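Chemist: The following block contains the structure, expressed as C-alpha cells.
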Amino acid sequence: MRFNAKFASITLLLLVNISCKQNVKETVRVPPGSDSVPIVPDNTPPKDSMIDSGLTADSSNLRTKASQQETPKFTIREGKHSLSLQWISWEELGVAEVEHIGDNKYRISGEQRHPQNDDYLKIDGTLEVVSKTELIFNGTVETKSESVNNGEPCLKEGEQRFLSTKNRKYWRMQDMENCEGGMVLDYVDIYF
C-alpha cells in the first residue's frame with residue numbers, strides 16, 4: 001500500500017475543520033425564535049476582576065510585574081572590600097565597608113589614601129545590585145590627585161553605574177572622565 005501525502009493533508013484539514021465547527025457550536029448561542037445573528041458569549045472577565053487579579057489594560061504595568069517576578073536577586077558580600085583609584089595605587093588599596101540595609105541595597109563608605117602625598121579617593125552612598133556584574137551607586141565619589149585637575153578635588157554626586165567586565169574581580173565606575181576633562185580618566189574600582 002502506497003502512502004499518499006495529498007490524501008493525508010486533506011484528511012488533516014477535514015479533521016481540523018470539524019473540530020473548529022464543534023467548538024463554535026459549543027460557544028455560539030442563537031436566541032430562541034430568532035433569525036438574527038448568533039450571539040457569541042463574552043469570555044472577558046469584568047474590569048473589576050481584572051484589577052483584583054492584578055491584570056490591567058496597562059501593558060507597562062504587566063511588564064513591570066513580570067520583570068519583578070522574574071528578576072533574580074543578586075547579593076554582594078558584606079564587610080570590607082578593597083577600593084582603588086589608579087592615580088594613587090593598585091598595590092596599596094583602600095578599604096570600603098559594605099553593609100546590607102535591605103531590599104537589595106547596601107551602604108558603602110570608604111577611602112584610599114596615598115601614603116606619600118594628599119591624593120585620595122572617597123566613596124559614600126548606597127549600592128543597588130542589578131546583577132553579578134552591575135551595581136548602581138547613589139551618593140558621592142570624590143577623587144584628588146596632584147597629577148590631574150590641577151591637584152583639585154573632583155566631586156561626582158548622584159547616580160553612578162559600576163560594571164565588572166571581562167571576568168575582572170572588581171566593578172569599575174563607568175563615568176570615568178575626570179573633572180579636568182579631555183582624555184583624563186579616573187578608574188574607580190570596588191573589588192569583590
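Chemist: What number of residues within segment 164-174 satisfy the criterion of being exposed (fewer than 12 other Cβ atoms within 10 Å of the Cβ) and more than 16 Å from residue 76 (Cβ to Cβ)?
Modeler: 3
Residue by residue, here is whether (1) in contact with a strand residue (DSSP E or B) (Cβ under 6 Å, 6 or more places away or on another chain); (2) open to solvent by less than 20 Å² (accessible area, probe 1.4 Å); (3) closer than 19 Å to residue 106 by Cβ holds:
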site	(1), (2), (3)
134	yes, no, yes
149	no, no, no
162	yes, yes, yes
176	yes, no, no
184	no, no, no
190	yes, yes, yes
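Chemist: How many residues are over 12 Å from residue 190 (Cα atoms), open to solvent by 40 Å² or more (accessible area, probe 1.4 Å), assigned to a strand (DSSP E or B) and of a type in the set (Ser, Thr, Tyr) if we restrict to segment 69-127?
Modeler: Residues meeting the conditions: 1.
Chemist: Still on this structure, I have one more. Open to solvent by 30 Å² or more (accessible area, probe 1.4 Å), outside any strand (DSSP E or B), touching an Asp or Glu at 6+ places or on another chain (Cβ under 9 Å) and in contact (Cβ under 8 Å) with a residue 12 or more places away in the chain: does that describe residue 138?
Modeler: No, not satisfied.
The values are calculated or read from the model by the stated rules, or taken from the named source; none is laboratory data. Everything numeric here is computed off the predicted structure, so don't read it as measured data. Note that each Cβ is placed from the backbone with ideal geometry, even for glycine, and that neighbours are counted across all protein chains shown. SASA here: full protein model, heavy atoms, side chains in, ligands and nucleic acids out. Shrake-Rupley method; radii C 1.70, N 1.55, O 1.52, S 1.80 Å.
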